Amino acid sequence: MTVELPGLPPLTWTHSEGRYDREGDVLALTSDAEVDWTNDATGAPPSHTSTSLSFDIDEPFQLSACVSVDTPRTTFDAAVLTLWVDEDSWAKLCFENSPQGEEMVVSVVTDRYSDDANGPVIREGSVWLRVSSLPGGAYAFHYSTDGVVWRFVRQFRLNASTRPRVGFMSQAPMGPAATARFRDISLVREQLADVRDGS
């Protein structure tokens, strides 16, 4: 199934077909129960049970959205921007519910095993997330609390010879489901000027 969203290339699911709704300019993705992407660094069995609504792009890009997750939330429920090549090469930038019940920015970069890093706690109930391509096959993650000033999360490469699919995902690793909402979706088809200051 192909999904059309204004300003984006045609989107398809990376895994099994997921559940989505369009509410005006808001994209709502509802996960299945207990779904996630993880290649646990301790060697636990990997999981790729969630699915990303994503697209291919062969030019420089910056994909951003203001994201939130419906309450009540269970641990690790998240709204996610994704990069996906295959089960051993992917990355995600999450607005995630921590074990302490705090909403925070979390990033995961996977080269066979996942490098999982917590970022700042967010108090506003929503946050802007952005994934950008960089020269030389690199990528950057940023977040913003107002959609104007962007703060650096990380810069990285994916160990892959093909460009990743770029998209949106809802995950609920420990819960019955999670509905993630993405608004103010923007795809800028140009190179990020400065990765450190986010311009």
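Just grab the label-to-label distance for His15 and Asp56, each label 7 Å out from Cα along the Cβ direction, in nm (one decimal).
Rounded to a tenth, the inter-label distance reads 2.2 nm.
Highest GNM mean-square fluctuation, the chain, Cα pairs closer than 10 Å: which of Glu124, Glu96, Glu87?
Glu124
Sequence-distant or interchain residues sharing an amide H contact under 5 Å with Ser50, placed H: which?
Asp36, Trp37
Net charge near Pro46, counting Lys/Arg +1 and Asp/Glu -1 over other residues with Cβ under 12 Å of its Cβ?
Numbers: positive: Arg112; negative: Asp36, Asp40, Asp86, Glu87, Asp88.
Combined, the nearby Lys, Arg, Asp and Glu give -4.
So I have (1) 24, 20, 18; (2) 21, 19, 18; (3) 34, 23, 16, and one of them is semi-axes √(5λ) of the Cα gyration tensor in Å calculated from this model. Which one is it?
(2)
What are the ³J(HN,Hα) couplings of region 140-147, residue after residue, when phi is run through the Karplus curve with 6.51, -1.76, 1.60 and θ = phi - 60°? Round to Hz, x for glycine and proline.
9, 10, 9, 9, 8, 8, 9, x
What is the fewest-to-most order of Val121, Val188 by other Cβ atoms lying within 10 Å of their Cβ? Could you put the intermediate results ahead of the total?
Working: Val121 11, Val188 14.
Ascending Cβ contact count within 10 Å gives the list Val121, Val188.
Given contacts defined as C-alpha pairs under 8 Å and at least six residues apart, what's the relative contact order of the chain, whole-number percent? Provide the component values of the computation, followed by the final result.
Details: 534 pairs, mean separation 59.8, N = 199.
Reported relative contact order: 30 percent.
Since every read-out is calculated from the coordinates, none of them should be taken as a lab result. All of these numbers come straight from a predicted model, not from anything done at the bench. Note that we place each Cβ from the backbone using ideal geometry, even for glycine, and neighbour counts take in every protein chain shown.
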